[in-house]
Amino acid sequence: MARIPYVEKDGAPQEVAETFAKMEARGNPVVNLWKMVAHSPATLIHVIRTGNSLLTKTRIDPRLREMAILRTAEMLDCAYEIRAHARAGLREGMTDEQVKSIKNWESSNNFNDIERAVLRFTDEVARVARVKDETFSNLAQYLDEGMMAELALIVGFYGMLARILLPFEVDLD
């Protein structure tokens, strides 16, 4: 059970209620994550838009994106993100074996060289925000500068979401 109540559309500030109504009108459920972020009404729409941009407007391969998200979630032990992005990863082309072994990817034979470069970069960004020269150079063999920036933003964004999901103990939808 969440540590504080979720913001529900009824009784929410007008900008939150309008945002939730637009989501529902588009057929998107208002998940518990957004109900918790809504405690900060001024940031809600911006967080949602940033997430949507990272999921739909980036050039990085969606499979690699989902690997990075899932790895970030695993590193932070964020069950909410793990559940959502294990399914998304499968939809985007990750194998069952990759999803199951993402926690121990370094010792797994389920990842190719580009995937390993993405996962190494993800680990370093999620852990300390800095990456070793070797890690950066290795990833640059596979991704252009824009995609590398997208990857760093994805790791940072999902790390940020975990930092509201975990301390507030947001329930799985």
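The values are calculated or read from the model by the stated rules, or taken from the named source; none is laboratory data. Since this is a predicted model, take the numbers as computed values, not measurements. Please note: Cβ atoms are built from the backbone with ideal geometry, for glycine as well, and neighbour counts cover all protein chains shown.
For (1) modelled with pLDDT of 95 or more; (2) in contact with an Asp or Glu (Cβ under 8 Å, 6 or more places away or on another chain); (3) closer than 30 Å to residue 37 by Cβ; (4) surrounded by 16 or more Cβ atoms within 10 Å (Cβ to Cβ), each residue gets a yes or a no:
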{"site": "85", "(1), (2), (3), (4)": "yes, yes, yes, yes"}
{"site": "88", "(1), (2), (3), (4)": "yes, yes, yes, yes"}
{"site": "94", "(1), (2), (3), (4)": "yes, yes, yes, yes"}
{"site": "104", "(1), (2), (3), (4)": "yes, no, no, no"}
{"site": "115", "(1), (2), (3), (4)": "yes, no, no, yes"}
{"site": "130", "(1), (2), (3), (4)": "yes, yes, yes, no"}
{"site": "135", "(1), (2), (3), (4)": "yes, yes, no, yes"}
{"site": "146", "(1), (2), (3), (4)": "yes, no, yes, no"}
{"site": "161", "(1), (2), (3), (4)": "yes, yes, yes, yes"}
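Exactly one residue among 89, 93, 146 is over 15 Å from the mean Cα position of the chain (by Cα), under 22 Å from residue 48 (Cα atoms) and not hydroxyl-bearing (Ser, Thr, Tyr), and that residue is 146. For region 71-82, state whether one or more residues are part of a helix (DSSP H, G or I) and among the hydroxyl-bearing types (Ser, Thr, Tyr). Yes: region 71-82 contains one or more residues that are part of a helix (DSSP H, G or I) and among the hydroxyl-bearing types (Ser, Thr, Tyr).
Taking region 21-70 as the range and being part of a loop (DSSP other than H, G, I, E, B) and buried (at least 18 other Cβ atoms within 10 Å of the Cβ) as the test, the residues that pass are 30, 38, 60. Taking region 83-152 as the region of interest, the helices (runs of 4 or more DSSP H) fully inside it that hold 1 or more residues being in contact (Cβ under 8 Å) with a residue 40 or more places away in the chain and of a type outside the set (A, V, I, L, M) are 113-128. Test residue 114 against the stated conditions and say whether it is among the aliphatic types (A, V, I, L, M) and either touching a Gly at 6+ places or on another chain (Cβ under 8 Å) or closer than 28 Å to residue 146 by Cα (or both). Answer is yes for this residue. Residues considered: 150, 124, 134. Of these, the only one that is out of contact with any strand residue (DSSP E or B) (no Cβ under 6 Å at 6 or more places or on another chain), assigned by TED's automatic domain parsing to the domain that holds residue 73 and within 23 Å of residue 47 (Cβ to Cβ) is 150. When restricted to residues that are part of a loop (DSSP other than H, G, I, E, B) and surrounded by 13 or more Cβ atoms within 10 Å (Cβ to Cβ), region 1-20 contains 7.
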